[in-house]
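The values are calculated or read from the model by the stated rules, or taken from the named source; none is laboratory data. This is a predicted model, so every value here is computed, not measured. Here the Cβ positions follow ideal geometry from the backbone for every residue, glycine too, while neighbour counts run over all protein chains shown.
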Amino acid sequence: MQKCSYRLNGTNCESCEIIIEREAKTLKGVQDAQASHSRKELTLSVDSSVNQSELEQSLKERLLSHGYTVSKFNTENVHPQTRDWKHIGGALILLLAVYLIFKRFGLFTFSPNVEFGGGLIAIFAIGLVASVSSCTAVVIGLLTAVSVSSAQKEANNSVVDRFRPHALFNLGRVAGFAFFGVIVGWIGSVLQFSSTLNGLFVFLIAIVMVSLGLHLLGIMPKTISLTLPKWIAHKIHDLQDSRGPIVPFALGALTFFLPCGFTQSMQLYALSLGDPIRSAIVMTMFALGTAPVLLSVGYVTSKTKGITLSRITRVAGAIVVVLGISNLQNGATLLGWTSHPRHLLADSPKNQIVLKNGRQVIQMEVTPDITYEPSILTVEEGVPVDWEIYGSKSMGCASSLVQRDFGVRASLHAGLNTVKFTPTKTGRFVFSCSMGMVRGTLIVVPRS
């Protein structure tokens, strides 16, 4: 047995490692293969009788069909990579453009539900981009293997019968993403013990999302990633040789666990929502976004390569970074690190303090646009408050209200809600939804 090392080019993520390893293991004499996207290296364990020149040529031919190139690894020719400042500058401009678009169209209130479609459209778009990236090459490989196997066994069947594996695979993928999305949302809800812990949780997830997005933008060669062991992905691939009729559906569902930066960013976002239903909607929309390309068995992928694929991948990476930065702000809000700027507080209209039976009454609406109106409220210190909140039919995450300084944590419903608390200190205090996405300021003034 001998070790052969090669320099890899053309990889984009951990999904590329799976493709390369599985292809390398089919070559004569190769007993094991370990690919590393971060190190750009492929190490093979081969029989000592193998001719290395012939092996290298076979490896090049096999991987070139997937868009990867290899060369003999030589430590003397390895030079430290220099930063491409032009590429980084372009990425920053792209980030600014995506931020301004999201701000202009109100997509930072990223609270997916049936009535509010802005966030769902963004998720669907990320799914479309992911479907033509190298991440989905692994998924397409699975689907192709299942389709070819079915076609060989059922060559005389009708077109509808031969198309059935494609349909079952995509139905399984959508159903699996919805099912596992519920579990992810449930885990997120369990982790939300308090607004402080929830803020830390959202903050940490945002850091991972920004890391993944910068990786997709090509700025960070390595990324903070929460991935399952690689052997699980290989086990999922091994199922393609099974002959059971349920195999296409099961394989589609299990693609939830295959390594992909786009999928991971959506999984993390769904986790941070802490709501099984909304998390399921997020993952379902993402899976639906990948369905058109998967139904065509990689046609778009085969046509969309090189600079075009690189550009649309960077756009998706920018979206993930912007969403991550938005989540950083949300986490900071839940931790009490942010508030309305003073000039906005000074220019904003103040509510009149109304006293009824020794209690202050303040009123606010959660609008259909998922905002607070008014977003700045004033009360006096030490006087009990009746906070009357009118909820719209579509509130998204604004259906929960958090004000950590005075122990407010309430679930809101459509119509009139009354939240009671007593302000015990003066100052400016943030209130928000449980995700920190919808924010307002409570001003507590000294008692007159």
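Can you find a residue that is of a type in the set (Gly, Ala, Ser), within 30 Å of residue 314 (Cα to Cα), more than 27 Å from the chain's Cα centre (by Cα) and modelled with pLDDT of 85 or more anywhere in region 20-33? Looking for residues that are of a type in the set (Gly, Ala, Ser), within 30 Å of residue 314 (Cα to Cα), more than 27 Å from the chain's Cα centre (by Cα) and modelled with pLDDT of 85 or more, one finds at least one in region 20-33, hence yes. Here the condition is being more than 30 Å from residue 280 (Cα to Cα) and of a type in the set (Lys, Arg); of 420, 393, it holds for 420 alone.
State whether the residues of region 65-85 include one that is loosely packed, with under 12 Cβ neighbours inside 10 Å and at pLDDT 75 or above. There is no residue in region 65-85 that is loosely packed, with under 12 Cβ neighbours inside 10 Å and at pLDDT 75 or above. Just one of the listed residues (428, 439) is crowded, with 18+ Cβ neighbours inside 10 Å and touching a His at 6+ places or on another chain (Cβ under 9 Å), namely 439. Cβ separations smaller than 6 Å between residues 6+ apart or across chains give the following pairs from region 54-70 residues that are among the basic types (Lys, Arg) to residues that are part of a helix (DSSP H, G or I): 62/23. Give me the residue from region 1-19 that is under 28 Å from the mean Cα position of the chain (by Cα) and assigned to a strand (DSSP E or B) and, out of that set, modelled with the highest pLDDT. Among those that are under 28 Å from the mean Cα position of the chain (by Cα) and assigned to a strand (DSSP E or B), it is 8.
Scanning region 359-396 for residues that are under 17 Å from residue 424 (Cα atoms) and either at pLDDT below 90 or among the charged types (D, E, K, R) (or both) gives 359, 380, 381, 386. Taking residues in region 389-411 that are within 16 Å of residue 422 (Cα to Cα), and partners anywhere that are basic (Lys, Arg) and part of a strand (DSSP E or B), the pairs with Cβ atoms closer than 6 Å and at least 6 places apart or on different chains are 402/409. Regarding region 383-390, can at least one residue be identified that is in contact with a Gly (Cβ under 9 Å, 6 or more places away or on another chain), on the phi < 0 side of the Ramachandran plot and either charged (D, E, K, R) or assigned to a strand (DSSP E or B) (or both)? So far as region 383-390 goes, yes, one or more of its residues are in contact with a Gly (Cβ under 9 Å, 6 or more places away or on another chain), on the phi < 0 side of the Ramachandran plot and either charged (D, E, K, R) or assigned to a strand (DSSP E or B) (or both). Scanning region 60-75 for residues that are closer than 15 Å to residue 11 by Cα and in contact with a strand residue (DSSP E or B) (Cβ under 7 Å, 6 or more places away or on another chain) yields a total of 6.
Restricting the first member to region 363-376 and to residues that are touching a residue at least 40 places away in the same chain (Cβ under 8 Å) and part of a strand (DSSP E or B), and the second to residues that are of a type in the set (A, V, I, L, M) and surrounded by fewer than 15 Cβ atoms within 10 Å (Cβ to Cβ), the beta-carbon pairs closer than 9 Å and six or more apart or on different chains are 376/344. Of the candidates 259, 221, 245, 229, the single residue that is crowded, with 21+ Cβ neighbours inside 10 Å and modelled with pLDDT under 65 is 259.
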